[in-house]
Amino acid sequence: MRKLLTVAVAFALAVPAFAQGALKHDSPERHGMNSEKLAQIDRVINDAITAKEIPGAVLSVVRGNDIVYLKAYGNKSVVPTVEPMTTETLFDLASVSKCVGTTLAFMQLIENGYVRLTDNVDRYIPNFRPWTNPETGETVDITIRDLLSHSSGLTPYIDANTFVKEYGGNNPEKMEQYIATEVKRNFRPGTDFMYSCLNFVTLQRILERVTGEKLYEYAQEHVFDVLGLKHTCYFPLIYTPAVSNASELARLCAPTEVQSDGKPLVAQVHDPMARMIMGGNSGNAGVFSNAEDLSVICAAIMNGGALKGKNGHTLESTRILSPMTVRLMATIPPQNDPSVGRALGWDKKSSHSGLRGDLFNPETTIMHTGYTGTSVVIDMESKTAVVLLTHRVHPEDKGGVGRLRALVANIVAGSIIQSN
């Protein structure tokens, strides 16, 4: 296992004594940002709370290798009791898990020579059906690149209740077989965009075959632990947790939707497919994290795959990807039709990229959202990241954060007055 770095948990903007590899807190002005403009974020987030779009939120803004704004808003819980939000709160990342868990892990397989983007999926999963032209009978195999860029044509989702009723719960093997042989292929791979959780469950199953490890174990050891993240993990329901303090971390989790028993989910992934079929170890969802840990991930990506020390030198002990791998990950595959608009594991210019707002450069910004209300925006050009964590599905799946995400991104981008 790679060396574990210690990360201190910060509760305010004051600069504490940080261990090597962690992000320090600094003023916006020292990073070419206007703090008065940046503070406008408070207004738009508090407005969303007042409108009951979200019960609370945590925001972190990163410039280069430092956190320049970190703040908690509203409540962590409103059911069964009201608890105030804190910056250490862990959130169910939902589909943000795709980029910070599955994608980062899978890109390691590519740079270490285990898989290629051009490999056909059936190289790893037997009987994985190709797309078949209904008019001519022509077949086209689905590749790793198609899965990562959501251009495979696989149906977006399956109803978990129906699947469990027919095949039983906690059944990853049957899920793999179902995707391989039963799920519809909606178009010729690479020609269109269809966001599909099934793409990332398939990537998970490939990773587990190649490495001999469960996704949650691999990501913990080779991504989260390498970066020294102390508040990031999966909470698997049918496997032993990969962290020894899982119960302690569970107490820090924000609850999500209230279930039929009148209790909200806590430290159990909200996504039904990930929870009911995949047992909490799933390529499409399942990572829990807080704003500071996600800030560390963003900094590593912006700095070419590793963190930097106080002297500005790269800390190789924190490297999760090479600079060339990061560049590839953030690039829209030229083989795909331009309408796809997705990089590898991240959004860039698709119909889902509204959270970027209006000011960040669309050519250099990657991003992702999560159904529960989480989002990450990273502008590689200005080395600025926006981590906005909300739980709009608490206590009910009614809130909305689409406009809020874009407003926050615009305020952050508008506060940049000098290059970093």
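Remark on the chain: Rg and Dmax equal 20.3, 66 Å (Cα only). The modelled label-to-label distance for the pair Glu173/Thr118, using points 7 Å beyond Cα in the direction of Cβ, is 3.5 nm.
Simple point charges give the picture: +1 on the Cβ of Lys and Arg, -1 on the Cβ of Asp and Glu, and for segment 273-420 a dipole about the Cα centre of about 40 debye. Ordering 302-310, 390-398 by mean Cβ neighbour count within 10 Å, with the highest value first, yields 390-398, 302-310. Between Arg251 and Thr50, the FRET efficiency from the beta-carbon distance, with R0 = 30 Å, is close to 0.60. Placing pseudo-labels 7 Å out from each Cα toward the beta carbon at Ile238 and Asp192 gives an inter-label distance of 3.3 nm.
Surface exposure of the chain, expressed per residue as accessible area with a 1.4 Å probe, stands at 39 Å².
The residues packed around Asp66, meaning those with a beta-carbon under 14 Å from its beta-carbon, carry a net charge of +3 if Lys and Arg are +1 and Asp and Glu are -1.
Arg342 contributes an accessible area of around 0 Å² to the protein surface, as traced by a 1.4 Å probe with all chains present.
Under a Gaussian network description of the chain, with springs only between Cα atoms under 10 Å, the residue in Thr50, Thr325, Thr103 that fluctuates furthest is Thr50. DSSP finds beta bridges in the chain, and of those with both partners inside it, around 95 percent are antiparallel. Accessible-area rank, largest first, for Tyr157, Tyr216: Tyr157, Tyr216, with all protein chains present and a 1.4 angstrom probe.
Between the residues Ala254, Val223, Gly168, the greatest Cα displacement towards the positive end of the dipole of segment 167-309, with unit charges on the Cβ of Lys, Arg, Asp and Glu, is found for Gly168. Candidates Thr314, Thr325, Thr89 compared by Cα position along the dipole of the chain: farthest toward the positive end lies Thr314, with charges placed on Cβ.
Just list whichever of Lys52/Lys165; Lys76/Lys308; Lys71/Lys310 have alpha carbons separated by over 30 Å in the model shown. Going by Cα-Cα distance, Lys52/Lys165; Lys76/Lys308 fall outside the 30 Å limit. By accessible area, using a 1.4 Å probe on protein heavy atoms only, the chain has 49% of its surface on carbon and sulfur.
Residue ranges 202-209, 237-244 sort as 202-209, 237-244 when ordered by packing (mean number of other C-beta atoms within 10 Å per residue, highest first). Cα centroid separation, segment 155-174 to segment 58-133: 22 Å.
Using the Cβ of Ile158 as centre and a radius below 11 Å, the other residues enclosed give a net charge of -2, where K and R count +1 and D and E count -1.
Of the listed residues Lys230, Lys98, the order by accessible area with a 1.4 Å probe, largest first, is Lys230, Lys98. In plain terms, the bigger the Kirkwood radius, the slower the diffusion; for segment 35-189, with that radius from Cα pairs, at 4 °C and 1.567 mPa s, Stokes-Einstein puts D at 65 µm²/s. Sorting the segments 26-34, 366-374 by their residues' average number of neighbouring beta-carbon atoms within 10 angstrom, most packed first, yields 366-374, 26-34. Extents of segment 259-397, largest first, come to 51, 40, 28 Å (Cα atoms, principal axes, whole angstrom).
The values are calculated or read from the model by the stated rules, or taken from the named source; none is laboratory data. Just so it is clear, the structure is predicted and the values come from calculations on it, not from any experiment. Quick reminder, even Gly has a Cβ in these numbers, built from the backbone with ideal geometry, and neighbours come from all protein chains shown. Protein only, heavy atoms only, side chains kept; ligands, DNA and RNA dropped before computing areas. Shrake-Rupley method; radii C 1.70, N 1.55, O 1.52, S 1.80 Å.
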